[in-house]
Amino acid sequence: MNATKKCLLLPLDGSENSLKALAPAMALSKALFQTLHIIHVSDSQLPHDELITKLGLPKRGIAGSTIDSVIGDPVEEILRRAEEVEYVVMATKGQGGCQGKMAGSVAEQILHRSTANVLVIPPRAAGFEKISRVVVPLDGTPSASDAMPAAFAIAQATGASISIIHIPPVRSTKREDLEPGSLFVEGMLDESEGIGDIKNEFLDRFVRHHENYGPDVPVTLEVGIGHPSQVIIDTVRNLDADLIVAGWHGTLEIGHAQTLKSLVCQATKPLLAIRVGARKFHSKLVSAA
Amino acid sequence: MVTNTKESLLTGFVPTSDKTWRIVQEGYDPFEEHDMETIFTVGNGFLGVRGTSEFISRQSRPGMFVAGLFAPDQHSGLPQMAVCPHPFSIRVAVEDQDYGSQEMAPEDHFRILDLKQGVSFRNWIIEDSEGRRTRFHSQRSASIANRRALFQQIEVQPLNYSGKISLDFNIPGRSQNMGGSELLVRLGAEALEAGGTLSRFETKDQRRQLFIGSRALPCTGHPDLFVHEAHGGDADTGASDRWSWSAAIGETYTFTRMISVATTRETEEPSATVISDLDLWAGSAPPDSFHNVPDSWRELWEVSDVVLEGDPTIQQALRFYIYHMLISANPDDEYVSIGARTLSGEAYNGHVFWDTETYMLPFFVATQPRMARALMMYRYHTLDGARRKAIAHGCKGAFYAWESAETGDEVTPEEIIMEDNRVIPIHTGHLQVHITADVAHGARRYWHATGDETFIREAGTEIMLETARFWKSRAELGDDGLYHLNDLQGPDEYHIHISDNAYTNYMAGWNVIRALGTLDWLRDNHPKEARELLDKIAMDQNEIEDLQDFVTRIYSADNPEAPAIEQFKGYFELDSSTVEELGRKDGPLSVTLDEELLQKTQVLKQADTLLLFQLFPELACKSGFRRNFDYYEPRTDHGSSLSYPTHALLAARLGYTEKALKYLALTAGLDLDDVMGNAALGIHAATAGGLWQAVVFGFAGLQYTDDGITVDPHMPSHWDRLAFSVFHHGRLVKVEVTNNPLKWEIL
């Protein structure tokens, strides 16, 4: 994420599906006081009126936004402009994906290659006009919690609350193979009295220490057991949440980002994918052996 | 590795070089900071200070804990160990740029906890926004000679600039328990005439006051170089004892600091006491912060060390956990005991559990009997609380609190209310009745090993008799003519509302037998005191005869035809699948199985019946020790940190060496490797004691018998030598076991 580029990019291809991203993009733009840049990439430059008509936008335009017609390859042009923005907003089609690959090849490539945060409107998702509740899935690794600053920024701008759903991994790996600093609430679930303590530790470690954390944003923590994407989808439905904010490592190859891929296909609410960086800190206890 | 070059930066105290005598953290990770704060705690049984950075930041969970300083939780009203202000806090400004609590990534960061000398070292470099680089090095310790005293030394070295530096030796005006509650209110603070500051706090219920005195002095360079100012500040700034000077590039400037802590719990004149401590220290020339530290620790380690040659990892963990036990107990205070997470963290609110008597006490009895005595006297002084609990449950005698704080009244929460308003009832305070016999067992263990007649005459017999009469009143006489203990919970917390838990029934019977035996001893040797005691507790001959009858008729489940001693009535009718068969991968089954389903299986959370073989090694030959271990071990989920050390100990005794080493490694790494994932919340005190027991009672096979001490070693092939000391009836006995070929000596 580049915090210095305070604007959003909304690529539209003229399809009804792509227009699903308009309302959430406008809502986010308004809440964050960021300019919305709408672009259409095609083989030819379109006059403004024709562009408005093709994209299905209101004739009077959209306040606080710019609209451009760009010639070139859609993926490359979107990526080029994505370097200048904080958020890219895109609806996905659900073609083919959802059976192993992700939905919408353009969206997949933007997600894969862009360093911007990408707000994806999945095929089954309705957009939002306001955000009251944000769900942030955390698996108990420090890197997943890199999604928190973006979630706080949105919650503070919209007055939304944040519901963290912690889904501890079903682990067959040894603890020493896990990301350092990981914390899983599951270890204390059997000790009822300790739940409060370990939840507090979880919130301190992954939530409260972020620079833009403020007590003005209500934060709750729930623990979910099961397949991560299904737990997240169920949580969003149960809480009637408006947005999912999730960190991911930026690799879409087979075997990676399974949860993200499932959410892009199946989530019923928009998903803001935050690419998390490499760990900056390293610490170890020296063995006596 | 910490290189010699780095360590050569350290002046004054130099850390012990032997790796098994120290814990070293290299680097810095904000996500592991709470774990490190726990591990690098310094203390002395009166107080404990987490290894929090001198520069408190958002990543910090600072905490000083003073034993016995409780205040009511704002929601439940139950006593909660108060988090006190971080006494080692320092604020730094370079050329008026405040380093305060800024988010800075320290370079060249390392910590060393010198277990042998009781000193924690830390080194780090900070680069500010102007590119100025400053190296800091700190040392801290808690005095054993004067338990109110904390010492700190800090070195500051500007690496690439010359300029004004100011160090504010701060005592923060606020402190927060987990979740943000403040249990202490600052009453005020002042600059002391002779230098330093005095800060006064009060618990929110106004029952106790806490006084923290702090004084720092420069001890390098020319005195004229430094400008000093001190003021009390307010609750937001804290008390400030500030030294400023013009620093020259490359020069190292050293300051020493003494902090004295006192409360109205242990002294009527805390303010004068603290000031006197500071004056005495500052009066020495030059003030030597660490003067008495190594001598005190040498004396402790001479008796408490366990030497294990051939396995440096276990050796290091042994010393690490022995260190943490030694800084958790105070031989001079009979009114406090050790909380579940020591004075290193606030989990379980600092409450005292059965962990103390069952897991930690054996270490103290064997190597620090004065500390052991204080721990058992705490149970004597809280006997009235146990009496009140018994009455509340319609029983007689003493029913010890499952969770105990200052008075001995039950302080286990009745329920936990979750964020979604689900109410989770907590049964342990009512149902884990075995705590009462565990305390009695501790009292008897202490007497048996030390021969401390004063204790058994003045306190121990009363504990034994009051706990014995509880059992008779708690039991129900069945149609079969036997006494049954119904509706309870054993150490295995997966099964609740059970009857005739084998562990509890055996412990209850043992409690009554030993109480009657102790009474007989008192009658024989001190008849007048015996009569006075019986009058005091209103126990007549009829009741004594009832107790004698009780021990002959308490239900016992030991059936040689059964696959094992039945853990509780009906246990063998449950699904007998093992943990592996039920699909545990990693993490307790209670997470993946519905609670009701779990109760329909024989899977247990932690050692339950098997604990009998740990506490009573003499049972091993007659009750099918191996048969029971082979049955229960595969059905144990190890959902509690108490489970690994017991299994290590028992597997070692049975000669299951590979298995024993597996459980020993899990025990040794519980906090250092964060096996349970919750080291941030404090040291697992029971594990500390459990590791010592596993090595001494398990691998060395030490037993206290009526005829003295015996050993029955089971040494893994890679262990070369095991040597330790234990007290027996006031005599220090040295035990040495060497391997290949196996030989042992008791000297």
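The values are calculated or read from the model by the stated rules, or taken from the named source; none is laboratory data. On a predicted model such as this, the values are computed, not experimentally measured, just so you know. All Cβ positions, even for glycine, are placed from backbone atoms using ideal geometry, and neighbour counts span all protein chains on display.
Only one of these is closer than 22 Å to B:Asn501 by Cα, at pLDDT below 95, crowded, with 19+ Cβ neighbours inside 10 Å and more than 14 Å from chain A (Cβ to nearest Cβ): B:Pro617, B:Pro645. Name it. Before the answer, list the steps.
Working: B:Pro645 fails: at pLDDT below 95.
Checking each option against the conditions leaves just B:Pro617.
Go through the residues of the stretch B:430-443 one by one and say whether even a single one is aliphatic (A, V, I, L, M) and within 14 Å of chain A (Cβ to nearest Cβ). Full working, then the answer.
Initially, the stretch B:430-443 is screened for residues aliphatic (A, V, I, L, M), giving B:431, B:433, B:435, B:437, B:439-440, B:443.
Filter once more, so that each one left must be within 14 Å of chain A (Cβ to nearest Cβ): B:431.
Yes, the stretch B:430-443 contains at least one residue that is aliphatic (A, V, I, L, M) and within 14 Å of chain A (Cβ to nearest Cβ).
How about the stretch A:249-282: which of its residues are under 10 Å from the mean Cα position of the chain (by Cα) and farther than 26 Å from A:Glu129 by Cβ?
Of everything in the stretch A:249-282, just one residue is under 10 Å from the mean Cα position of the chain (by Cα) and farther than 26 Å from A:Glu129 by Cβ, namely A:Arg275.
Which strands (runs of 3 or more DSSP E) does the stretch B:673-729 wholly contain that include 2 or more residues that are small (Gly, Ala, Ser)?
Ranges flagged: B:721-728.
Do we have B:Gly655 as away from chain A (no Cβ under 14 Å), under 19 Å from B:Ala502 (Cα atoms) and out of contact with any Gly (no Cβ under 6 Å at 6 or more places or on another chain) here? Quick ask: steps written out before the conclusion?
Values: away from chain A (no Cβ under 14 Å): yes; under 19 Å from B:Ala502 (Cα atoms): no; out of contact with any Gly (no Cβ under 6 Å at 6 or more places or on another chain): yes.
No, not satisfied.
Using beta carbons and a limit of 6 Å, which pairs, at least six apart or on different chains, have the first residue in the stretch B:718-747 and of a type in the set (S, T, N, Q) and the second one part of a loop (DSSP other than H, G, I, E, B) and surrounded by 11 or more Cβ atoms within 10 Å (Cβ to Cβ)?
Note: pairs meeting the criteria are B:Asn739/B:Met715; B:Asn739/B:Trp719; B:Asn739/B:Asp720.
Only residues that are out of contact with any Cys (no Cβ under 9 Å at 6 or more places or on another chain) and more than 7 Å from every other protein chain (Cβ to nearest Cβ): list them for the stretch B:50-67, please.
The answer is B:Arg50, B:Gly51, B:Thr52, B:Ser53, B:Glu54, B:Phe55, B:Ile56, B:Ser57, B:Ser60, B:Pro62, B:Ala67.
Would a scan of the stretch A:24-47 turn up a residue that is in a helix (DSSP H, G or I), surrounded by fewer than 16 Cβ atoms within 10 Å (Cβ to Cβ) and out of contact with any Pro (no Cβ under 8 Å at 6 or more places or on another chain)? Steps first, answer last, please.
Filtering the stretch A:24-47 down to residues in a helix (DSSP H, G or I) leaves A:24-32.
Next, only the ones that are surrounded by fewer than 16 Cβ atoms within 10 Å (Cβ to Cβ) stay: none.
No, the stretch A:24-47 contains no residue that is in a helix (DSSP H, G or I), surrounded by fewer than 16 Cβ atoms within 10 Å (Cβ to Cβ) and out of contact with any Pro (no Cβ under 8 Å at 6 or more places or on another chain).
What do you reckon, is B:Val94 touching a Lys or Arg at 6+ places or on another chain (Cβ under 7 Å), crowded, with 18+ Cβ neighbours inside 10 Å and either farther than 30 Å from B:Glu415 by Cβ or at pLDDT below 95 (or both)?
Yes, satisfied.
Is there any pair with a first residue in the stretch B:684-704 that is aromatic (Phe, Trp, Tyr) and a second that is surrounded by fewer than 24 Cβ atoms within 10 Å (Cβ to Cβ) whose Cβ atoms are under 6 Å apart and which are 6 or more apart or on different chains, and what are they?
B:Phe699/B:His714; B:Tyr704/B:Ala449
Might you let me know whether the stretch B:700-723 holds any residue that is acidic (Asp, Glu) and within 14 Å of chain A (Cβ to nearest Cβ)?
no
Within the stretch B:466-491, which residues are in a helix (DSSP H, G or I) and among the hydroxyl-bearing types (Ser, Thr, Tyr)?
B:Thr467, B:Ser473
Out of (1) within 14 Å of chain B (Cβ to nearest Cβ); (2) at pLDDT 85 or above, what's the single condition that is false for A:Glu191?
For A:Glu191, the failing item is (2).
When both residues are 6+ apart or on different chains and their Cβ atoms are under 9 Å apart, which pairs have a first residue that lies in the stretch B:322-335 and is closer than 23 Å to B:Thr20 by Cα, and a second that is of a type in the set (Asp, Glu) and surrounded by fewer than 24 Cβ atoms within 10 Å (Cβ to Cβ)?
If the second residue must be of a type in the set (Asp, Glu) and surrounded by fewer than 24 Cβ atoms within 10 Å (Cβ to Cβ), the pairs left are B:Ile322/B:Asp305.
How many residues does the stretch B:27-44 contain that are part of a helix (DSSP H, G or I) and either facing chain A (nearest Cβ under 7 Å) or under 19 Å from A:Lys199 (Cβ atoms) (or both)?
8
I need every pair where a residue in the stretch B:581-610 that is more than 11 Å from chain A (Cβ to nearest Cβ) and surrounded by fewer than 20 Cβ atoms within 10 Å (Cβ to Cβ) has its Cβ under 8 Å from the Cβ of a residue that is modelled with pLDDT of 85 or more and not in a loop (DSSP other than H, G, I, E, B), sequence separation at least 6 or different chains.
B:Leu582/B:Thr601; B:Lys600/B:Asp575
Out of the residues in the stretch A:243-280 meeting the condition of being over 17 Å from A:Glu108 (Cβ atoms) and free of Cβ contacts under 8 Å to residues at least 40 places away in the same chain, tell me which one is nearest to the other protein chains (Cβ to nearest Cβ).
Looking at residues that are over 17 Å from A:Glu108 (Cβ atoms) and free of Cβ contacts under 8 Å to residues at least 40 places away in the same chain, I get A:Lys280.
Within the stretch B:50-91, work out how many residues are assigned to a strand (DSSP E or B) and either surrounded by 22 or more Cβ atoms within 10 Å (Cβ to Cβ) or on the phi > 0 side of the Ramachandran plot (or both).
Matching residues across the stretch B:50-91 total 10.
Could you pull out the residue among B:Asp205, B:Asp224 that is in a helix (DSSP H, G or I) and surrounded by fewer than 16 Cβ atoms within 10 Å (Cβ to Cβ)?
B:Asp224
Here are some conditions: (1) buried (at least 24 other Cβ atoms within 10 Å of the Cβ); (2) touching a strand residue (DSSP E or B) at 6+ places or on another chain (Cβ under 7 Å); (3) of a type in the set (A, V, I, L, M, F, W, C); (4) part of a helix (DSSP H, G or I). B:Ile463 meets all but one. Which one does it not meet?
(2)
Considering only the stretch B:403-429, state which residues are more than 9 Å from chain A (Cβ to nearest Cβ), assigned to a loop (DSSP other than H, G, I, E, B) and closer than 18 Å to B:Val336 by Cβ.
B:Ala405, B:Glu406, B:Thr407, B:Gly408, B:Asp409, B:Glu410, B:Val411, listed by residue number.
Considering only the stretch B:4-26, I want to know if a residue exists there that is surrounded by 17 or more Cβ atoms within 10 Å (Cβ to Cβ), at pLDDT 95 or above and away from chain A (no Cβ under 12 Å).
no
Can you find, within the stretch B:489-517, the residue that is farthest from the other protein chains (Cβ to nearest Cβ) among those that are of a type in the set (Val, Ile, Thr) and crowded, with 24+ Cβ neighbours inside 10 Å?
My answer is B:Val512.
What are the residues in the stretch A:195-215 that are in contact (Cβ under 8 Å) with a residue 12 or more places away in the chain and within 14 Å of A:Ala151 (Cβ to Cβ), if any?
Narrowing the stretch A:195-215 to residues in contact (Cβ under 8 Å) with a residue 12 or more places away in the chain: A:198-199, A:201-203, A:205-207, A:210-214.
Matches in the stretch A:195-215: A:Leu203, A:Phe206, A:Val207, A:His210, A:Glu211, A:Asn212, A:Tyr213, A:Gly214.
Any residue at all in the stretch B:730-737 that is charged (D, E, K, R), surrounded by fewer than 17 Cβ atoms within 10 Å (Cβ to Cβ) and not in a helix (DSSP H, G or I)?
Checked against the condition, which is being charged (D, E, K, R), surrounded by fewer than 17 Cβ atoms within 10 Å (Cβ to Cβ) and not in a helix (DSSP H, G or I), the stretch B:730-737 yields at least one hit.
Mind checking which pairs have a first residue in the stretch B:72-95 that is closer than 17 Å to B:Glu202 by Cβ and a second that is crowded, with 23+ Cβ neighbours inside 10 Å and acidic (Asp, Glu), Cβ under 8 Å, 6 or more apart or different chains?
Going by the 8 Å Cβ cut-off, the qualifying pairs are B:Gln80/B:Glu346; B:Met81/B:Glu346; B:Val83/B:Glu346.
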